[in-house]
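S.K.: Below you'll find the structure I mean.
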Amino acid sequence: MTDRPAILIMQRHLAPLTAFLESQYVVYRFWEGPPVEAQDDIRALVVAGEFPLDKALIERLPNLVHIACFTAGYEQIDVDWCRARGLVVSHAPGVNHEDVADHALALILAARRQITAGDRQVRAGGWTSESKTITPSLKDQRVGVVGLGAIGEAVARRCEALRMRAAWWGPRAKDAAWPMAASLLDLARDSDILVVACRADDDNRGLISREVIDALGPDGLLVNVARGQLVNEEALVEALAAGRLGGAALDVFEPEPTDPARWADLPNVVLTPHTAGATTQAVQAMLMLLLQNLDAGLNGRPLATPVP
């Protein structure tokens, strides 16, 4: 065994964490090749929750004790499977939901007020004295929020501040300041804008189905700041191309990174590269929780933020 605990970072985009971890840990990076010679040393995996957990790899790590999820979401981690093998699982809740809600509002504004289209028009020399783009006001737009967790509530509050009317739907009723729709289809039919803000899991893959997209309709806008797997992307692209859906504003895709060719001929979309929750402050808070959880998990103390 090594003097310092050994940890394995699983996803390449988490590589910048190395600089903050290597003073306390021996850090291996999975994309550089599975550390076969060090597999007996590895005590923890550092993962992003939107990526499937490599169960076969875990079975080959006899001294693994901790799955440390850098993100708030952990939908691709089979928590029960991990616990059955004596592994503790941590994540980073409550650090970026306000930032994600800010981004959702930015996507709504960019799409409804055609801000990105206007930027392209000006840069391409398409703005003339005869041209004038007329866009809808946000006032009285009906916003349906799918999932009224921390992100969903923050989205609804922001929409109200901009004079929009919020409603919501989720799998369980709860006390809320906004009306709950009888079904997801009802929410889509009664909304001008549908914001996907719910947690993803194996049971709700493709939740935003062809039927839901068609219920939102040719004037509707679909906004997704949750997970790409929640939306039937094939049906979404078809509806956008056919004019059965007015527009989409997406921060998440399946798979990621998304293929730019998929969106090349769709002018009625606004796209960002999964950056809704990636603010400087949020990432710093996630890093602090990761360090706290690793220290606790590898020293037999209760985790700061265990997965419930």
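S.K.: Under 14 Å between alpha carbons, and skipping anything fewer than 8 positions from K139 in its own chain: which aspartates and glutamates qualify?
M.R.: E160, D192
S.K.: Still on this structure, please answer the following. In whole percent, and with a 1.4 Å probe on the protein chains, what portion of the accessible area of region 7-146 is carbon and sulfur?
M.R.: Here carbon and sulfur together make up 52 percent of the probe-accessible area.
S.K.: Here's a follow-up. May I ask you to derive the FRET efficiency for D219 and A285 from their Cβ-Cβ distance with R0 = 41 Å, giving the value to the nearest 0.05?
M.R.: Between D219 and A285 the formula returns 0.60.
S.K.: Averaged per residue, what accessible area in Å² does region 16-106 show with a 1.4 Å probe, protein chains only?
M.R.: Heavy-atom accessible area per residue stands at 44 Å².
S.K.: May I pose another question? Is region 14-98 rounded, prolate or oblate when judged by the Cα gyration tensor, a ≥ b ≥ c being the square roots of its eigenvalues, rounded requiring a/c under 1.5 and prolate requiring a/b larger than b/c?
M.R.: The shape class here is oblate.
S.K.: Hey, another quick one. Points 7 angstrom from Cα along the Cβ direction at R163 and R120: gap in nanometres?
M.R.: 2.9
S.K.: I'd like the antiparallel share, as a percent to the nearest 5, of DSSP beta bridges with both residues in the chain.
M.R.: 5
S.K.: Between W81 and D201, 0.36 nm times their residue separation minus their Cα-Cα distance comes to what?
M.R.: Full extension from W81 to D201 adds 41.7 nm.
S.K.: In addition: What per residue convex hull volume, in Å³, comes out for region 41-143 when only alpha-carbon positions are used?
M.R.: Given the Cα convex hull of region 41-143, per-residue volume reads 161 Å³.
S.K.: So for region 146-247, what percent of the C-alpha to C-alpha distances run longer than 20 Å?
M.R.: Percent of Cα pairs beyond 20 Å in region 146-247: 33.
S.K.: Quick one: what does P(r) look like for region 173-308 with 5 Å bins over all Cα pairs, in whole %?
M.R.: Over region 173-308, the share of Cα pairs per 5 Å bin runs 2, 9, 16, 18, 16, 12, 10, 8, 5, 3, 1, 0 percent.
S.K.: Now a separate question. Kindly identify region 257-308 as rounded, prolate or oblate by the Cα gyration tensor criterion: order the square roots of the eigenvalues as a ≥ b ≥ c, call it rounded if a/c is under 1.5, otherwise compare a/b with b/c, prolate if a/b is larger, else oblate.
M.R.: Since a/c reaches 1.5 and a/b is larger than b/c, the shape of region 257-308 is classed as prolate.
S.K.: Return, for the Cα atoms of region 65-109, the radius of gyration and Dmax in Å, separated by a comma.
M.R.: When restricted to Cα atoms, region 65-109 yields Rg and Dmax of 14.5, 47 Å.
S.K.: List the residues, sorted by chain then number, that are 5 or more residues from G220 or on another chain and whose placed amide H is less than 5 Å from its amide H.
M.R.: It is G246, G247, by chain and number.
S.K.: Could you give the length gained by full extension between A278 and A56, i.e. 0.36 nm per residue of separation minus their alpha carbon distance, to one decimal place?
M.R.: Result: 76.9 nm gained on full extension.
S.K.: Moving on. Across region 49-56, in residue order, what do the Karplus-derived ³J(HN,Hα) couplings come to in whole Hz, using 6.51 cos²θ - 1.76 cosθ + 1.60 with θ = phi - 60° and x for Gly and Pro?
M.R.: After applying 6.51 cos²θ - 1.76 cosθ + 1.60, I find x, 8, 9, x, 7, 7, 5, 5 Hz.
S.K.: I would also like to ask the following. Just the projected area, averaged over all directions, of the convex hull on the alpha carbon atoms of the chain: how many nm²?
M.R.: That works out to 18.0 nm², a quarter of the Cα hull's surface.
The values are calculated or read from the model by the stated rules, or taken from the named source; none is laboratory data. Bear in mind that the values here come from a model prediction, so they are computed numbers and not experimental data. Glycine also receives a Cβ, built like all others from the backbone with ideal geometry; neighbour counts cover every protein chain displayed. To get the accessible areas, we keep the full protein, side chains included, count just its heavy atoms, and leave off ligands, DNA and RNA. Shrake-Rupley method; radii C 1.70, N 1.55, O 1.52, S 1.80 Å.
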